[in-house]
Amino acid sequence: MNKLYLQSLRAEQSIQELRGQLLEAESESQETRWHLSEADRQIRDLHDSLGQAEKQQRDLEHECEQIEHESGRYEHATDEAVAESAALRGAILGAEAAQAGGRR
């Protein structure tokens with residue numbers, strides 16, 4: 001009977017130890033799940049930030065293309081204005097020379 005009682009006590013102690021180990025494992029598992037969940041949230045946030053940065057980059061590239069195109073138009077218009085100004089200056093000088101020649 002004592003032998004059976006001792007075996008029963010040892011079995012109960014083993015059960016209690018296993019329950020303690022199980023609780024500890026569950027606690028560690030829960031903490032690991034929390035860390036994984038937090039890491040997953042951070043990854044999603046980074047993914048969202050990357051998406052926003054890529055969109056901003058595309059927008060800025062498009063804006064740069066538009067500015068380059070507009071700059072080309074202004075450069076062309078400036079070249080035309082300079083040429084027209086030179087032609088007008090030449091015409092004025094020619095007209096002044098003709099007037100001066102006609103007054104002599």
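Taken across region 89-100, residues that are of a type in the set (Lys, Arg) and open to solvent by less than 100 Å² (accessible area, probe 1.4 Å) do not occur at all.
For the structure I just gave you, tell me whether Gln42 is modelled with pLDDT of 95 or more and open to solvent by less than 100 Å² (accessible area, probe 1.4 Å). When the stated conditions are applied, Gln42 passes them.
Filtering region 1-25 down to residues that are open to solvent by 100 Å² or more (accessible area, probe 1.4 Å) and among the acidic types (Asp, Glu), which residue is nearest to the chain's Cα centre (by Cα)? Per the criteria, the residue is Glu24. Residue count for region 79-99, restricted to those that are modelled with pLDDT of 90 or more and not hydrophobic (A, V, I, L, M, F, W, C): 6. Part of a helix (DSSP H, G or I), open to solvent by 90 Å² or more (accessible area, probe 1.4 Å) and modelled with pLDDT under 95: is that true of Glu68 in this structure? The answer is no for Glu68.
The values are calculated or read from the model by the stated rules, or taken from the named source; none is laboratory data. What you see is a predicted model, and the numbers here were worked out from it, not measured in a lab. When the accessible area is computed, the model is the full protein with side chains, heavy atoms only, and any ligands, DNA or RNA have been set aside. Shrake-Rupley method; radii C 1.70, N 1.55, O 1.52, S 1.80 Å.
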